[in-house]
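Heads up: the structure comes next, in structure tokens.
Every number in this text was worked out from the coordinates using simple rules, so none of it is lab data. Owing to the predicted nature of the structure, the values given are computational and were not obtained by experimental measurement. Note: ideal-geometry Cβ built from the backbone for every residue, glycine included; neighbour counts use all protein chains shown.
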Amino acid sequence: MKNRQLQNNETCPCGSKIKALDCCLVFINGQRLADNAELLMRSRYTAYVLDNEEYILKTWHSSQRPSALVQDARLEWQGLRVLKSSPGNTNEAFVEFIAGFSEEGEKGQMHERSRFIREKGAWFYVDGEQVESNTQRNLKMPGRNEACYCGSGKKFKKCCAVK
């Protein structure tokens, strides 16, 4: 698995519109623990973008953690939109999101409701439920006048539909 680096002033891939160094990289680089499940989910998404298998596995709960990741090298993550996030003031929280991707020029999205638990002050991803399909990859595209899945705030027709 390749390990991509972000430039110093590059915006974080998680969609926060904050510099990556001040956002998800503080978690990925081990400078801080995520304060809540949504921050952990965003940092895990960024780790997928960066192909950082070590962080993804480290933040996966030991009860469900695979021994290794198998990622398709042709897959490019293209944007994250968080739809719902439970407050996480207990030891369990849920985050529903849509992650856009492209695979060999074909665009799609993954819509998931992820479950997280907190142990000894640290949040961990446990598992996720696909919201719109039984498969990991859902190729249903937004309508041309719907919000783009990349989180830009633009309509799909003015954003990823033209790329």
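Couple of notes before you dig in:
- With a simple spin-label model that places each label point 7 Å from the Cα along the Cα-to-Cβ direction, the separation between N91 and N9 comes to 4.6 nm.
- Here the 3J(HN,Hα) profile of region 61-77, calculated from phi with Karplus coefficients 6.51, -1.76 and 1.60 at θ = phi - 60°, is 4, 4, 5, 10, 5, x, 6, 7, 9, 10, 10, 6, 5, 7, 7, 10, 6 Hz, Gly and Pro shown as x.
- Residue-by-residue Karplus 3J(HN,Hα) for region 32-41, coefficients 6.51, -1.76, 1.60, Hz, glycine and proline x: 8, 8, 5, 6, 8, 5, 5, 5, 5, 4
- Direction-averaged projected area, Cα convex hull, region 1-123: 7.6 nm², rounded to one decimal.
- Rounded to whole Hz, the Karplus (6.51, -1.76, 1.60) HN-Hα couplings of region 103-114, x for glycine and proline: 9, 6, x, 8, 8, x, 8, 10, 10, 9, 10, 9
- In this structure, the amide hydrogen of Q78, modeled 1.01 Å from its nitrogen in the peptide plane, lies closer than 5 angstrom to those of G100, F101, S102, counting only residues at least 5 positions away or on a different chain.
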